[in-house]
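Please find one structure pasted underneath; my questions will follow.
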Amino acid sequence: MLVNNLENLPQDILRLFRQIGKIAQENNCRVYIVGGMIRDLYLGRENFDFDIVVEGDGIALAKKLADKFKAKLVDHEKFATAVLFVPNGIKIDIATARKETYEHPGALPNVVPGNIEDDLSRRDFSINAMAASLNPEDFGELIDFFDGLSDLKKKEIKVLHDLSFIDDPTRILRAIRFEQRLKFKIEDHSLRLIKEAVKRKAFDTVKPPRIWHELILILYERNPKKYFARISQLCSLKFIHPRLRFKKDTLRLLESVEKILNSYNRLYPDNEPVRGWFIYFIALTDRLGRREIKDVAEKFNLNREERDSLYSYKDTNRNFFSFLSKNTLLPSQIYILLEKLSYETILALRAKTVDKLAKKRIDDFLNIYDKVKLNITGDYLNDLGVSLDSNFKKILDRIFYAKLDGKLKTKEEELQLARELVKNQ
Ligand code: ATP
């Protein structure tokens with residue numbers, strides 16, 4: 001049986017697939033397109049993640065393909081995988097078909113070369129374990145050892161064997177991700193296996209970077225709140241931090257972040273995109289205290305910028321909101337308060353407050369105040385004899401705040417104030 005919708009792929013991609021099959025044939029190997037792309041072809045969902053599996057030497061074939069297509073090749077000999085960057089912008093992951101065994105649960109698997117059946121056997125769910133042949137003799141033929149197509153029709157997420165979640169507990173998060181994204185159901189037996197694995201504290205065996213990777217994938221989804229609600233229901237959020245709970249206020253906060261991100265372009269038309277996934281993460285961990293947030297940052301080895309955003313969110317206490325909702329506040333006061341925070345922190349704080357005035361002030365900061373620039377530069381202060389060390393920054397700041405507060409309209413007025421401030425310093 002031919003894979004559905006394969007022929008509907010863009011012509012340049014189909015041509016590329018046929019060429020890959022032909023070159024593989026000439027080199028006596030078999031090639032398959034595998035995984036999410038086959039699933040999504042059946043579901044009519046766009047997916048341009050091209051994963052190719054080679055029965056034979058994957059890297060050697062990747063090198064031949066790179067020559068033929070004049071593509072850039074990045075290979076990882078250790079993992080027998082390579083990435084091909086074809087000049088028309090297409091990226092293809094190529095791997096040697098492999099067989100995996102797990103030395104102990106949660107560990108990275110031991111890998112040896114295998115055939116396509118071995119390669120599909122090590123995958124997470126039946127719907128992700130289908131492949132299509134690319135060799136000319138049976139181009140487009142569906143390979144489906146695990147009845148993935150039938151599960152796809154039943155809209156079920158099903159593991160390939162009973163130890164799947166014990167071998168790799170991150171599959172629990174993956175099962176929930178596909179269940180929520182595709183509006184499928186985790187098949188009954190697989191659901192029991194999840195509960196059993198959770199009871200056996202399977203997550204304790206997983207290295208944090210692997211959990212973090214899966215968490216980010218969820219945070220990147222369109223509507224992460226329902227994913228986390230389901231995670232909380234099936235396995236709690238303890239694998240992020242033992243004290244982390246998913247309560248109504250977490251749901252509300254995630255919802256509020258979602259609203260902001262969905263109307264981001266309308267709210268902040270001239271601003272660069274922000275890292276939405278990270279704002280969701282700040283919201284998700286909102287209930288944790290300062291010390292606990294630090295544990296999380298360390299556990300997942302967050303970078304400096306991410307840590308700063310999380311900590312400054314945490315350090316911003318109720319005074320922040322009562323200050324921002326005061327009746328009278330100058331633009332410069334708002335600027336001084338917000339300028340030191342990342343946009344991710346600011347937007348998480350905006351999601352948290354229900355006060356209209358506080359929201360408006362945050363929006364004014366992002367849309368107006370943070371874009372204001374002085375007409376004069378530090379050179380002018382230099383010319384007036386202000387040395388770089390002394391009051392240089394203070395004077396420039398005062399001119400800037402005066403401008404923010406509408407007291408200076410022209411460059412001449414900025415110059416005038418500069419002269420006055422230098423004289424009185
Ligand atoms: P997405 O649409 O989110 O990209 P995907 O199915 O392409 O989903 P990837 O995370 O890109 O998912 O993984 C590609 C393929 O690799 C999957 O379809 C699955 O077959 C396999 N895979 C990924 N992670 C695991 C895992 N932890 N255990 C087993 N197989 C996995």
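The values are calculated or read from the model by the stated rules, or taken from the named source; none is laboratory data. Model, not experiment: these values are computed from the prediction. Ideal geometry is used to build each Cβ from the backbone, glycine not excepted, and the neighbour counts take in all protein chains shown.
Need at least 1 residues that are under 21 Å from Lys352 (Cα atoms) and in contact with an Asp or Glu (Cβ under 7 Å, 6 or more places away or on another chain) per element, so show me which helices (runs of 4 or more DSSP H) inside segment 207-283 make the cut, counting only ones lying wholly within it. Quick ask: steps written out before the conclusion?
Details: elements: 208-219, 224-235, 248-262, 264-267.
Hits in segment 207-283: 224-235, 248-262, 264-267.
Of all strands (runs of 3 or more DSSP E) completely enclosed by segment 33-110, which ones contain at least 2 residues that are more than 11 Å from the ligand (Cβ to nearest atom) and in contact (Cβ under 8 Å) with a residue 24 or more places away in the chain? Outline the logic, then answer.
Values: elements: 50-55, 72-76, 81-85, 91-96, 98-101.
Fully inside segment 33-110 and qualifying: 50-55, 91-96.
Looking at segment 346-392 only, could you name the residues that are in contact with an Asp or Glu (Cβ under 8 Å, 6 or more places away or on another chain) and either of a type in the set (S, T, N, Q) or part of a loop (DSSP other than H, G, I, E, B) (or both)?
Matches in segment 346-392: Asn367, Leu374, Asn375, Ile376.
Suppose we filter segment 111-128 for residues that are away from the ligand (no atom under 13 Å from the Cβ) and either outside any helix (DSSP H, G or I) or assigned by TED's automatic domain parsing to the domain that holds Val206 (or both); how many remain?
So the count comes out to 4.
Another question about this same structure. Being over 23 Å from Thr410 (Cα atoms), out of contact with any strand residue (DSSP E or B) (no Cβ under 7 Å at 6 or more places or on another chain) and aliphatic (A, V, I, L, M) narrows it down to one of Leu338, Leu330, Leu374, so name that one. Don't jump to the end; show me each part of the working.
Working: Leu330 fails: over 23 Å from Thr410 (Cα atoms); Leu374 fails: over 23 Å from Thr410 (Cα atoms).
The match here is Leu338.
Tally time: how many residues in segment 152-175 are more than 13 Å from the ligand (Cβ to nearest atom) and of a type in the set (Asp, Glu)?
Qualifying residue count, segment 152-175: 2.
Considering only residues that are surrounded by fewer than 18 Cβ atoms within 10 Å (Cβ to Cβ) and polar (S, T, N, Q), look in segment 107-134 and name the one that is farthest from Val54 (Cα to Cα).
Result: Asn110.
With the checklist (1) assigned to a helix (DSSP H, G or I); (2) farther than 19 Å from Glu100 by Cβ; (3) in contact with a strand residue (DSSP E or B) (Cβ under 7 Å, 6 or more places away or on another chain) in hand, flag the one item Ala175 doesn't pass.
In the conditions (1) assigned to a helix (DSSP H, G or I); (2) farther than 19 Å from Glu100 by Cβ; (3) in contact with a strand residue (DSSP E or B) (Cβ under 7 Å, 6 or more places away or on another chain), Ala175 misses (2) alone.
Tell me, which residue of segment 213-229 that is surrounded by 19 or more Cβ atoms within 10 Å (Cβ to Cβ) and more than 13 Å from the chain's Cα centre (by Cα) is farthest from Ile176 (Cα to Cα)?
Lys225
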